[in-house]
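See below for the structure under consideration.
The values are calculated or read from the model by the stated rules, or taken from the named source; none is laboratory data. For clarity, every value in this text was computed on a predicted model and none was experimentally measured. Virtual Cβ from ideal backbone geometry, glycine too; neighbours counted across all protein chains shown.
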């Protein structure tokens, strides 16, 4: 089944709606410039009330190692890190991490503002080939556990906005990259402008491992619409049935 993450969670009520709807993960944004930014204290209180099987993913921006301490402090099971600095430029650095200090079932998801790459006129075929070998190029690869650098998030970020734009990117244009990732054994999670109405089309074109939604299921920034959350998960599961 397609992995479903409901991101931009700021309160317990919305988190429990995601659980009830059948989502696989919830996301907490720790980027201060986001209208969905949540404090470490608030996130910790929410996480403590969620089922153990629900994945809890922190969203971070830039090259800061803060996600490690946040995971340990809050009880997160994953970190989604946008490889983009406040200047709008890709950071590209992969610092060594002592994996032994993290939970066993950890998931590390580098997130690329794919809209930025398309905006720069990136060569699609070249990027696809690079991503085929991404996991091979990570220093210390033999010691990396499953879930670490084997899944990438593509978001529609542009310029100084790494994500959270509420806009889709060109799925058809990115399809060759998605295919290259599959050949390289990488999983793709797509984000950016997804809604209950269009997520089926995105899945049909890109065949991702997972989908990530935030503004597309909101009543207003930082507050989810329960019916939209349920409709989104339902739309994904309907596509899963068609593909099976």
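Checked against (1) at pLDDT below 60; (2) touching a strand residue (DSSP E or B) at 6+ places or on another chain (Cβ under 8 Å); (3) farther than 27 Å from residue 37 by Cα, residue 181 meets all criteria but (1). Taking segment 30-47 as the range and being surrounded by fewer than 20 Cβ atoms within 10 Å (Cβ to Cβ) and over 16 Å from the mean Cα position of the chain (by Cα) as the test, the residues that pass are 32, 33, 35, 39, 40, 41, 42, 44, 45. Each residue in segment 24-49 was checked for being touching a helix residue (DSSP H, G or I) at 6+ places or on another chain (Cβ under 7 Å) and under 21 Å from residue 2 (Cα atoms), and 2 pass. Selection over segment 20-29 of residues that are surrounded by 18 or more Cβ atoms within 10 Å (Cβ to Cβ) and more than 18 Å from residue 106 (Cα to Cα) gives a count of 1.
When residue 149 is tested against (1) surrounded by fewer than 19 Cβ atoms within 10 Å (Cβ to Cβ); (2) at pLDDT 90 or above; (3) in contact with a helix residue (DSSP H, G or I) (Cβ under 7 Å, 6 or more places away or on another chain), only condition (2) is not met.
For segment 152-170, taking the residues that are crowded, with 20+ Cβ neighbours inside 10 Å and at pLDDT 85 or above, the one that is farthest from residue 7 (Cα to Cα) is identified as 169.
Matching residues to (1) touching a residue at least 40 places away in the same chain (Cβ under 8 Å); (2) more than 22 Å from residue 231 (Cβ to Cβ); (3) in a loop (DSSP other than H, G, I, E, B):
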position	(1), (2), (3)
9	yes, no, yes
46	no, yes, no
49	no, yes, yes
57	yes, no, no
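For residue 210, the stated conditions hold: it is surrounded by fewer than 22 Cβ atoms within 10 Å (Cβ to Cβ), at pLDDT 80 or above, touching a strand residue (DSSP E or B) at 6+ places or on another chain (Cβ under 7 Å) and within 28 Å of residue 68 (Cα to Cα).
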